[in-house]
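Chemist: This structure is in structure tokens; I'll ask about it shortly.
The values are calculated or read from the model by the stated rules, or taken from the named source; none is laboratory data. Everything numeric here is computed off the predicted structure, so don't read it as measured data. Positions of Cβ are backbone-derived with ideal geometry, glycine not excepted, and every protein chain shown enters the neighbour counts.
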Amino acid sequence: MSARIGSDLAGYYRLHAPIYDLTRPLFLFGRERLLSGLAKASLAQGWRNPSILEVGCGTGRNLHLLSRMFPHSRLVGVDLAAAMLDRARARLGDRAQLVQGALGSVALDGPFDIVFASYMLSMTGSAQAQCIAAARRELVSGGLLGVVDFQSTPSAGFAAWMARNHVSFDPQLLERLAAAGRPIAVSSTRAYGGAWRYFSWIGH
């Protein structure tokens, strides 16, 4: 990710870390569906203890859920924001390895069977394609890449408000994912009667 994005988000999440897990269930939909889909796809590959990397792991909520699905898997999370990682460490203890830094610039001891990102790529701006490429470099051959994120909104006002919170509705995100790998499960869902759409993407 670019230095600008990194520094902006670090400050943003310093403020939001204490309330993140209370507020995000109101609009970060589809996270459990993505994790269940990745678990199903992993078992279809014959992986009962896949190694898993979450890019932008935040407070560790997703990794905590995966630790229940895969109690013997190696779990790694990387995030730019120290305040979010503090919350993740309190939640996960030594169950996951947590690394502060930008994907592609820190050592993560990969590759991994599964790499996924939850509502992270829409916050990377011009570095989005770079982040997708860096995530794919962390995968084993034939590994699974998973993404859940915002897709589109018909409301210019809502898009502007989300932009102030570092989120861009980018219609090319799904195209970039498809160009980077082979999709095996893709869904697109309306939220709040069509105020916006979010998508889930799993592929190789």
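Chemist: Considering each of 164, 182 in turn, give the residue that is within 25 Å of residue 138 (Cα to Cα) and exposed (fewer than 14 other Cβ atoms within 10 Å of the Cβ).
Modeler: Just one listed residue meets the conditions, 182.
Chemist: Could you tell me whether residue 15 is of a type in the set (A, V, I, L, M), at pLDDT 80 or above and in a helix (DSSP H, G or I)?
Modeler: No: the conditions fail for residue 15.
Chemist: Let me confirm something: among 96, 44, 39, which residue is out of contact with any helix residue (DSSP H, G or I) (no Cβ under 9 Å at 6 or more places or on another chain) and of a type in the set (A, V, I, L, M)?
Modeler: Matching residue, one of 96, 44, 39: 44.
Chemist: Output the qualifying pairs, or none if there are none: Cβ atoms under 7 angstrom, residues six or more apart or on different chains, first residue in the stretch 158-180 and polar (S, T, N, Q), second residue in a helix (DSSP H, G or I) and surrounded by 12 or more Cβ atoms within 10 Å (Cβ to Cβ).
Modeler: 168/122; 168/125
Chemist: State all residues of the stretch 132-162 that are among the hydrophobic types (A, V, I, L, M, F, W, C) and under 17 Å from the mean Cα position of the chain (by Cα); if no residue qualifies, say none.
Modeler: Within the stretch 132-162, 132, 133, 134, 135, 139, 144, 145, 147, 148, 150 qualify.
Chemist: I've got another one for you. Considering only the stretch 78-116, state which residues are modelled with pLDDT under 90 and at positive phi.
Modeler: 104
Chemist: Something else about it: Among the candidates 42, 36, 67, single out the residue that is of a type in the set (S, T, N, Q), farther than 16 Å from residue 113 by Cβ and assigned to a helix (DSSP H, G or I).
Modeler: That would be 36, the only listed residue that is of a type in the set (S, T, N, Q), farther than 16 Å from residue 113 by Cβ and assigned to a helix (DSSP H, G or I).
Chemist: Considering only residues of the stretch 20-33 that are among the hydrophobic types (A, V, I, L, M, F, W, C) and within 13 Å of residue 61 (Cα to Cα), which is modelled with the highest pLDDT?
Modeler: The selected residue is 28.
Chemist: Oh, and also: Could you go through the stretch 169-183 and let me know if any residue there is within 16 Å of the chain's Cα centre (by Cα), over 15 Å from residue 103 (Cβ atoms) and in a loop (DSSP other than H, G, I, E, B).
Modeler: Among the residues of the stretch 169-183, at least one is within 16 Å of the chain's Cα centre (by Cα), over 15 Å from residue 103 (Cβ atoms) and in a loop (DSSP other than H, G, I, E, B), which makes the answer yes.
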